[in-house]
Ligand SMILES: [Zn+2]
C-alpha cells in the first residue's frame, strides 16, 4: 500500500532531533511520499532544504511555498520575491499554505486577504496549484477564490473541518479537499463522518498535519505526544470506514489523486 501525506510540518521544532527516524517510520508505514508545508518564506526555504537533505534524488519529499494567514501581516514585496524564487525549484510543488483564519485572527483580516490574493495571483501567473488554509472564513475565501478560479490549475482546502454547505461550495468550485485526523476527534470531528462520503475520489487527499492533530483513535498513543506522518494510517482507516471503502481502495484512490495534484513521480 502506498500513501501520500500532503501536509507535514517537518520544519517544526518538535521534529528537530528526530527527523530521520520520523521519515523512516513513515516509509515503514507505507507513506511513500510527503509534501512538506511551508508557512512563511523562511519556513518554506527550510522545507526545501529538508527535501534536498533527506531526499537528494527528488522522488519522495516535496514542499509548498507560501505565507500562512497567521503571518499575513508580514507580507511584503520581499515575501513575493522569495516565494517566486522558491517556486522555481523542482521540489516546490504548490503555492501555500495561504488562506484565511477568522478563528484565531492572528493577523488582521484585511492583511490576511491581501496576502491571500497576492499568492493566488502568483499561482495563476506561474500555473501552480494552491494549498489553502481556512478556519471560519469559508464565505470570504469562496468570494475571493471565485475571481481567480478560472486561471488556477487546482487548489486544495487542506484540513477541511467545516460544514456541509462549505464543502458543497468548495466542490462546486472544483476544489480538492484534504482530510486530517480531525475526523478521528470524537469531540469536534464527528460531523465529518457523513461528509467524507460526499467527496469524489479524485478530489480527496489525506494529510497528517503533523506534529499537530494526533488522531485520537490511535492506539497505543505515542509517548512523545506528537503526530507523525506514520500515523496517517489512522486517518486512512477512519475515512475509509465512513466512505464504505477498504483502506486499500482509499489508499489507491487518494494516492493517485495526490500524485496528480502535486505532479509527483510514480514510485
Ligand atoms: Zn492549515
Across (1) touching a residue at least 40 places away in the same chain (Cβ under 8 Å); (2) away from the ligand (no atom under 13 Å from the Cβ); (3) over 16 Å from residue 44 (Cα atoms); (4) under 17 Å from the mean Cα position of the chain (by Cα), residue 167 clears everything bar (1)
Original post:
With respect to residue 86, is the statement that it is away from the ligand (no atom under 13 Å from the Cβ), within 14 Å of residue 66 (Cα to Cα), surrounded by 15 or more Cβ atoms within 10 Å (Cβ to Cβ) and touching a residue at least 24 places away in the same chain (Cβ under 8 Å) true?
Top reply: yes
Residue count, the range 20-63, condition part of a loop (DSSP other than H, G, I, E, B), within 16 Å of the ligand (Cβ to nearest atom) and touching a helix residue (DSSP H, G or I) at 6+ places or on another chain (Cβ under 6 Å), comes to 2
May I ask you to verify whether residue 36 is in contact with a strand residue (DSSP E or B) (Cβ under 7 Å, 6 or more places away or on another chain) and either in contact (Cβ under 8 Å) with a residue 60 or more places away in the chain or within 26 Å of residue 179 (Cβ to Cβ) (or both)?
-> yes
When the range 92-112 is checked residue by residue, the ones that are surrounded by fewer than 20 Cβ atoms within 10 Å (Cβ to Cβ) and more than 16 Å from the ligand (Cβ to nearest atom) are 108, 109, 110, 111
Going through the range 165-175 in order, the residues found to be assigned to a loop (DSSP other than H, G, I, E, B) and crowded, with 20+ Cβ neighbours inside 10 Å are 175
Right, residue 17: assigned to a loop (DSSP other than H, G, I, E, B), more than 14 Å from the ligand (Cβ to nearest atom) and within 20 Å of residue 208 (Cα to Cα) or not?
no
Condition check: touching a residue at least 12 places away in the same chain (Cβ under 8 Å), within 16 Å of the ligand (Cβ to nearest atom), at negative phi and surrounded by fewer than 20 Cβ atoms within 10 Å (Cβ to Cβ). Does residue 135 satisfy that? yes
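Taken together, the values in this text are just the output of simple stated rules run on the coordinates, not laboratory data. If you're wondering where the values come from, they're calculated on a predicted model, not measured in any experiment. As a convention, Cβ positions derive from the backbone with ideal geometry for all residues, glycine included, and neighbour counts pool all protein chains shown.
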